[in-house]
Amino acid sequence: MKITCLSDTHHRHRYLQKSDFESTDLLIHAGDFTGNGNKSQTIEFLQWFESLEVEHKVLIAGNHDFFACSESFEDILLSIAPSIHYLRNSSVSINGLNIWGSPYSNTFGQWAFMKDDEDLATIWDLIPNDTNIVITHGPSYGLGDLVLNHSYCRDPHVGSKSLRAKLLRLPNLKLHVCGHIHEASGIYLGDYVTINASTCDLSYVPFNTPISVNIS
């Protein structure tokens, strides 16, 4: 299965070309689809994402996506984008691959879907052991989480240590998709494949193209 990943489009999704998604079986967006998190930006993104001619589309929210916290978000999602699988600490199975997604990331400022790492561990405990693909907005520790300006923190790796520990315990994990740390966009190889799929760079310019991998 060809899987194409993107994240952190921050309301600049129109700069992407629909040709970027041709021949893709599964399209994953790992959150921060809005810039300011309001309703109108949310609806515009959902309409665009729904319009893409990809058979399977999976979406999570991110720390900028405040409207996704509202009670009306999922009703709007179902009404205007029924083909999208939206995951919030939940799972979906597509073509034999078990996929689990969460919008959460480590606490940093006053944003949506954030918790301290010890509290995140209770969320990661919800990931079923038979999961093949995990999607989280924030990265795990040491993979796709290196910040360039780390004057505000002692460790330039800002990912979740509890998430990394959980991922290493999943026996069938093949792929982890994340975003959030714009400057760490790329593919990381190890016990499983990690993709930081951030589209925008540190200046919120949509510099990076979607990243595709083949997973069986």
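Brief remarks follow.
- Selection over the range 124-155 of residues that are in contact with a Leu (Cβ under 9 Å, 6 or more places away or on another chain), part of a loop (DSSP other than H, G, I, E, B) and open to solvent by less than 40 Å² (accessible area, probe 1.4 Å) gives a count of 5.
- Every pair of residues 6+ apart whose Cβ atoms lie under 9 Å, when the first sits in the range 8-26 and is open to solvent by 90 Å² or more (accessible area, probe 1.4 Å) while the second is assigned to a helix (DSSP H, G or I): R14/E44; R14/W48; K18/S51
- Scanning the range 175-192 for residues that are out of contact with any Leu (no Cβ under 8 Å at 6 or more places or on another chain) and open to solvent by 50 Å² or more (accessible area, probe 1.4 Å) yields I187, L189.
- I195 β-branched (V, I, T) and crowded, with 18+ Cβ neighbours inside 10 Å: yes
- Within the range 75-123, being in a loop (DSSP other than H, G, I, E, B), open to solvent by 30 Å² or more (accessible area, probe 1.4 Å) and closer than 25 Å to K2 by Cβ holds for P82, S83, N95, G96.
- Screening F67 on (1) in a loop (DSSP other than H, G, I, E, B); (2) surrounded by fewer than 23 Cβ atoms within 10 Å (Cβ to Cβ); (3) not charged (D, E, K, R) shows it passes everything except condition (1).
- Cβ-Cβ under 9 Å pairs, at least 6 apart or on other chains, the range 131-150 side free of Cβ contacts under 8 Å to residues at least 12 places away in the same chain, far side among the charged types (D, E, K, R): N149/E183
The values are calculated or read from the model by the stated rules, or taken from the named source; none is laboratory data. Quick caveat, the model's predicted, so the values are computed rather than measured. Neighbour counts run over all protein chains shown; Cβ positions are idealised from the backbone, glycine included. Areas reflect the complete protein model, heavy atoms only, side chains present, ligands, DNA and RNA absent. Shrake-Rupley method; radii C 1.70, N 1.55, O 1.52, S 1.80 Å.
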